[in-house]
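Everything on this sheet refers to the single structure shown next.
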Amino acid sequence: MTDTVILWFRQDLRLNDLPALQAASRDGQQVLPIYILDEDAPGEWSMGGASRWWLHHSLTALGADIRSLGGKLIFRRGNALSILREVCEANNAQTVYCSRRYEPWASQEEETLHGALGSDGIKFKRFPGSLLHEPGSVLTQGGGPFKVFTPFWRACRRVESAPPVAKSQSSWSDYAQSDALSQWQLLPENPDWAGSWLDHWTPGESGAQERLHAFLDDAVSRYADERDLPAVDATSRMSAHLHHGEISPRQIWAMCEQKKLELPHSDTAVNKFQAEIGWREFSYHLLHFFPEIPDSPFKKNFRGFPWQADDKRLGAWQQGQTGYPIVDAGMRELWATGIMHNRVRMVVASFLCKHLLQHWRHGEDWFWDTLVDADLASNGCSWQWVAGSGADAAPYFRIFNPVTQGEKFDKQGMYVRRWVPEIAGLPNKYLHKPWEAPDGVLDEAGITLGEDYPQPIVDHREARQAALDAYEQIRLSAATSS
Ligand code: FAD
């Protein structure tokens with residue numbers, strides 16, 4: 001047994017089912033826990049504003065959990081290698097433990113650390129923890145990467161995933177050199193756009209556990225039927241907890257299996273939920289094999305797509321001022337709470353790429369900054385899925401009609417009325433297409449279109465045709481070049 005070992009927290013902000021902590025507690029007499037904020041290492045994928053807000057609260061919660069066990073979480077800011085070297089030397093520590101990350105920049109950083117710390121005589125040990133199956137462990141029969149979700153998930157289901165590991169009994173080491181978390185200024189100021197977010201979220205391991213229990217005790221039974229209805233609380237809202245590693249997918253998986261044993265009739269709903277966790281796995285699998293996914297189209301013919309850079313259109317979309325109520329509701333929900341319902345994400349993303357012909361990268365960037373669950377793998381793969389350029393993507397010509405999407409998934413208009421209150425007085429018949437409302441109806445609802453609420457930024461039919469024409473261009477150029 002060695003003396004002090006370092007536990008480097010990264011995107012695994014929890015104490016349960018943490019193999020790195022289990023190993024550190026087993027191997028060291030004392031565990032020194034540290035979180036390092038390195039804003040340079042991720043390059044262009046440095047954390048967005050909403051993620052920074054979440055991180056502040058998640059680290060506060062983790063710090064309190066460790067304190068309650070007699071330890072102290074050290075906060076340091078700067079280059080991970082220099083700080084780990086310094087902390088190892090000051091504490092005479094010879095091993096650093098951490099959980100793996102899978103973003104291309106993070107994998108690269110792990111390789112660098114492995115070599116550099118190794119040359120100092122310090123062991124750098126990485127552990128799994130944020131996925132059910134390590135990327136590369138589930139392959140096609142030919143040994144290649146899956147590019148289609150269904151066979152990938154079928155293959156995953158055939159592999160037993162390891163059960164969660166028990167919480168470790170650790171003896172914690174103390175070290176004086178820590179920043180105060182408040183010094184990092186992770187929270188927004190002037191304006192404080194996240195002022196009410198703690199009403200919506202409880203970042204941290206306990207918050208994640210409570211939310212999962214609440215979901216599995218109640219909403220999961222509605223999941224299969226109602227998960228597409230944005231006005232209904234029928235999804236788990238686990239994505240930000242999962243992204244920050246406050247709960248592991250293995251814990252979720254184990255609880256789902258338990259639920260199915262207790263309530264066999266819940267099988268269909270729970271399986272559906274588990275398959276969504278599968279989409280998260282698939283995104284990480286794709287990012288591992290195709291690390292360029294967040295930046296460039298998976299389908300190469302999309303490189304020549306005639307996107308139309310237009311800041312005015314992009315701004316209207318970002319601000320929820322497109323004149324299409326379901327789109328505007330989603331963009332405003334995102335701004336107000338840091339999250340957007342999955343169905344609405346698909347609608348707003350399709351609208352940006354297809355109706356407004358803006359490059360999906362602009363949408364990906366906006367989501368990166370504003371989502372509390374912003375995740376390089378899931379965000380990049382989802383944007384490409386909607387844009388039609390991704391692996392196993394929705395076909396480009398599947399262009400969501402924002403009016404019929406609204407009428408289908410927000411029939412009673414509860415979602416739109418909540419987030420676009422200026423048109424709440426419209427009857428359901430016109431709520432998703434205010435421009436079709438007769439003058440008398442608009443008067444009665446107290447709305448002047450173009451003043452209280454925008455006229456539609458584009459005409460649906462014309463925009464649809466323009467999108468199909470643009471797609472035809474790359475289809476033809478692919479045909480002539482092959
Ligand atoms: P639930 O329906 O309860 O699903 C359970 C879990 O499964 C989620 O928490 C999430 O971890 C995972 N999941 C569900 N759907 C997907 C999916 N399509 N792809 C990958 N994982 C999924 N999800 C993110 O976690 N981060 C992102 O940055 C992100 N960006 C997206 C961008 C676009 C354009 C779209 C269409 C989807 C995006 N998603 C992203 C996927 C999905 O919208 C969210 O995971 C989901 O809305 C989170 O809500 P929930 O936790 O209640 O989901």
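At a glance:
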read-out: Elements of type helices (runs of 4 or more DSSP H) contained in the range 344-447, each with 2 or more residues being away from the ligand (no atom under 16 Å from the Cβ) and on the phi < 0 side of the Ramachandran plot; value: 402-409, 414-419, 428-431, 439-444
read-out: Qualifying residue in the range 229-239 (condition: free of Cβ contacts under 8 Å to residues at least 24 places away in the same chain, of a type outside the set (A, V, I, L, M), in a loop (DSSP other than H, G, I, E, B) and within 16 Å of the ligand (Cβ to nearest atom)); value: yes
read-out: Residue check, Ser266 closer than 15 Å to Leu132 by Cα, crowded, with 19+ Cβ neighbours inside 10 Å and more than 8 Å from the ligand (Cβ to nearest atom); value: no
read-out: Hits in the range 430-461 - residues which are among the charged types (D, E, K, R) and under 34 Å from the mean Cα position of the chain (by Cα); value: Lys433, Asp452, Asp459, Arg461
read-out: Residue within the range 42-58 that is of a type outside the set (Gly, Ala, Ser) and either farther than 20 Å from Asp375 by Cα or modelled with pLDDT under 95 (or both) present; value: no
read-out: Flag for Leu32 being farther than 23 Å from Thr370 by Cα and out of contact with any Pro (no Cβ under 9 Å at 6 or more places or on another chain); value: yes
read-out: Qualifying residue in the range 383-399 (condition: of a type outside the set (Phe, Trp, Tyr), touching a Gly at 6+ places or on another chain (Cβ under 8 Å) and at pLDDT 95 or above); value: yes
read-out: Close pairs from the range 205-223: first within 13 Å of Asp233 (Cβ to Cβ) and more than 13 Å from the ligand (Cβ to nearest atom), partner of a type outside the set (Val, Ile, Thr) and part of a helix (DSSP H, G or I), Cβ under 7 Å, at least 6 apart; value: Ser221/Ser266; Ser221/Ala269
read-out: Out of Ser107, Ser82, sole residue that is part of a helix (DSSP H, G or I) and either in contact with a strand residue (DSSP E or B) (Cβ under 7 Å, 6 or more places away or on another chain) or over 30 Å from Ile252 (Cα atoms) (or both); value: Ser82
read-out: Residue identified as touching a Cys at 6+ places or on another chain (Cβ under 6 Å) and in the same structural domain as Glu407 (by TED's automatic domain parsing) among Trp360, Trp335; value: Trp360
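The values are calculated or read from the model by the stated rules, or taken from the named source; none is laboratory data. Given the structure is predicted, the values throughout are model-derived calculations rather than measurements. Every residue, glycine among them, receives a Cβ derived from its backbone with ideal geometry; neighbour counts consider all protein chains shown.
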